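Structure record follows, encoded as structure tokens.
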Amino acid sequence: MHAVFEELSLDLRAHYTYVYLLTFEEERAVRGVREVAKALDRPLYTWSATEGLRGPRARKAEEGTETALGMLDQLAQIDGPGLVIAKDMHRHIEDDQVVRRMRDLRGSLAKAGWGLVMLSPSAVVPPELEKEIVLLHLPLPGLKEVAKLFHALLKGVKIEIDLDTFERFVKASLGLTAEEIKRVYTKVLLRSGTFGDEQLREVISEKRQIIHRSEFLEFFDLDLGIDDVGGLDQLKEWLIARQGSFTERARKYGLPQPKGLFLLGIQGCGKSLTAKAIADLWKVPLLRLDAGALVLAAGSAEEGMRRTIGIAESMAPCILWVDEIEKAFAGVAGGSEGSAAAARIFGGFITWLQEKSAAVFVVATANDVRNLPPEMLRKGRFDEIFWIDLPNIHERHTIFNIHLGKRGRTSEGFDTWKLAEKTEKFSGAEIEQAVIDAMFDAYADDGREFTTHDILRSVRRTVPLARTMDQTIKRLKEWARDRTRPATFDNKRIDFFRDWEAVPGVEDAEA
Ligand SMILES: Nc1ncnc2c1ncn2[C@@H]1O[C@H](COP(=O)(O)OP(=O)(O)OP(=O)(O)O)[C@@H](O)[C@H]1O
Ligand SMILES: [Mg+2]
């Protein structure tokens with residue numbers, strides 16, 4: 001029995017009468033409650049506004065029970081003990097009379113051994129009933145449940161697959177409801193009748209669509225690897241050291257599970273890129289959380305947060321990427337209108353971050369911290385805060401090589417050291433753009449091949465953002481100095497040599 005149903009059973013035995021069971025999976029919940037009823041040896045009734053109240057073997061509803069009020073009155077008439085599954089109770093519970101009747105009846109229903117299990121996707125709890133209602137969440141099916149489901153399905157169609165494939169399919173299905181899993185597999189079966197690599201891709205793409213329906217989560221394809229990130233050696237070393245930390249072996253060894261990383265840094269220097277690369281390096285799915293949209297989801301933000309975390313946890317191990325987190329939570333500290341909701345979401349998020357036990361690695365990125373609530377960066381939330389600076393000359397050299405390589409050119413054809421020298425204060429994104437611009441220029445010029453010279457020309461045309469935002473960056477750097485770990489080795493020494501060599505033609509605003 002799933003832990004939630006064990007808890008439900010315990011609550012019922014302890015004479016809690018009203019229980020909300022929060023889930024989108026009605027069928028699965030009903031199955032679980034039925035088991036509980038059997039284990040407790042209590043007759044099971046069901047109620048919905050369309051079907052009324054029906055007893056264990058009744059073909060017809062009890063008279064006058066189409067309303068929640070009628071159902072409650074009827075319960076008071078029937079000898080307990082018993083269990084009622086009430087569907088969509090959140091739609092009826094706010095009615096004045098229902099609230100009153102639930103309060104009136106609580107004592108006698110409890111005494112008679114009645115339990116009212118209210119199934120609903122969201123908890124609507126009138127304040128008068130707050131103390132009377134227990135809230136339980138039914139999480140999405142986990143590894144074991146999905147494996148069972150899949151096993152039953154394979155048996156049903158008499159298909160045998162090896163254990164490896166089995167595991168991959170089970171893992172790929174995490175994050176879906178039981179119904180969704182059944183539907184996806186049925187679709188796969190109808191289409192091809194086998195379970196191979198191609199079908200696995202089908203399941204994953206199906207999942208992407210389903211997760212897409214969660215407004216706040218986006219499922220990312222892993223198309224960028226750690227080799228696509230130039231420089232940031234210290235950060236990379238940290239990541240590589242933790243590569244296997246979500247495995248069963250690491251757990252047995254006693255390694256703590258990494259919680260998350262905070263990447264703070266200048267625009268276009270590879271924060272988002274790194275988030276994607278981690279997922280590829282660790283071979284886990286990447287989910288992006290749109291925290292900005294979540295905070296703005298008036299009224300349903302908390303529910304959205306809970307669901308989002310639920311999906312992420314059910315997909316563990318996975319990476320939950322919260323891009324530009326400062327934009328979502330900037331207002332929290334301000335106390336402005338609407339920031340109360342943001343503050344609540346933020347509080348919930350922070351608490352989850354600190355206490356989570358599921359293997360969900362959070363990667364938060366930010367350009368700025370000034371408006372972030374300071375609790376965010378307190379010890380215990382993230383394993384490490386990395387500062388991602390503008391690339392130094394060595395890093396720029398590597399970044400040029402990476403982006404030339406991506407466009408099918410080898411670095412031999414280019415003077416990449418010269419390019420690195422001439423791009424002081426350029427971000428990785430600006431370096432990439434300089435290469436692309438040069439390609440367009442050359443292509444427009446009779447389709448000839450582009451050269452170092454073309455890139456240098458587009459470099460000269462570019463005013464790097466870091467130059468126009470010099471003051472802002474300086475301030476941020478100042479903040480970061482004692483509070484973060486540099487993503488790049490030995491920045492100071494390289495800075496020293498850079499100043500010392502004073503690359504001609506490039507002014508140094510720091511001096
Ligand atoms: N260190 C790097 N190595 C290679 N490419 C880089 C690097 N930094 C940036 N780029 C290039 O620039 C693009 C944009 O970088 P990215 O989106 O990671 O920046 P960011 O730090 O997230 O910026 P923002 O704060 O604006 O979101 C990347 O997709 C990549 O092509
Ligand atoms: Mg980014």
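FYI, it's all coordinate maths here, none of it is from the lab. Everything quoted here is computed from the prediction, not taken from an experiment. No Cβ is skipped: glycine too gets one built from the backbone with ideal geometry, and neighbour counts run over all protein chains shown.
Points to keep in mind about this one:
- Taking region 292-301 as the range and being part of a helix (DSSP H, G or I) and either β-branched (V, I, T) or in contact with a Gly (Cβ under 7 Å, 6 or more places away or on another chain) (or both) as the test, the residues that pass are L294, V295.
- Exactly one residue out of I226, I181, I204, I211 is surrounded by 14 or more Cβ atoms within 10 Å (Cβ to Cβ), among the β-branched types (V, I, T) and touching a Phe, Trp or Tyr at 6+ places or on another chain (Cβ under 6 Å), and it is I211.
- Taking region 334-453 and the helices (runs of 4 or more DSSP H) fully enclosed by it, the elements with 2 or more residues that are within 26 Å of the chain's Cα centre (by Cα) and exposed (fewer than 15 other Cβ atoms within 10 Å of the Cβ) are at 339-355.
- Residue count for region 241-291, restricted to those that are among the small types (G, A, S), over 19 Å from A358 (Cβ atoms) and either in a loop (DSSP other than H, G, I, E, B) or within 16 Å of ligand 2 (Cβ to nearest atom) (or both): 5
Yes or no, residue by residue, for (1) free of Cβ contacts under 8 Å to residues at least 24 places away in the same chain; (2) closer than 25 Å to P139 by Cα:
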site	(1), (2)
T17	no, yes
F24	no, yes
R34	yes, yes
K38	yes, yes
A58	yes, no
T67	no, no
G70	yes, no
L83	no, yes
I93	no, yes
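- Of all residues making up region 24-79, the number that are among the aromatic types (F, W, Y) and touching a strand residue (DSSP E or B) at 6+ places or on another chain (Cβ under 7 Å): 2
- Cβ pairs under 8 Å, 6+ apart, first in region 275-303 and buried (at least 19 other Cβ atoms within 10 Å of the Cβ), second hydroxyl-bearing (S, T, Y): A275/T365; L289/T308; L294/T308
Here is a yes/no grid of residues against (1) within 9 Å of the chain's Cα centre (by Cα); (2) away from ligand 1 (no atom under 16 Å from the Cβ):
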site: K283; (1), (2): no, yes
site: L286; (1), (2): yes, no
site: L289; (1), (2): yes, no
site: G292; (1), (2): no, no
site: S300; (1), (2): no, yes
site: G310; (1), (2): yes, yes
site: D323; (1), (2): no, no
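- For S245: the one exception among (1) over 22 Å from A487 (Cβ atoms); (2) in contact with a Leu (Cβ under 6 Å, 6 or more places away or on another chain): (1)
- Test: residue in region 109-118 that is without any contact (Cβ under 8 Å) to a residue 60 or more places away in the chain and of a type in the set (V, I, T): no
- Matching residues in region 439-468 - criterion: being of a type in the set (G, A, S) and touching a residue at least 40 places away in the same chain (Cβ under 8 Å): A466
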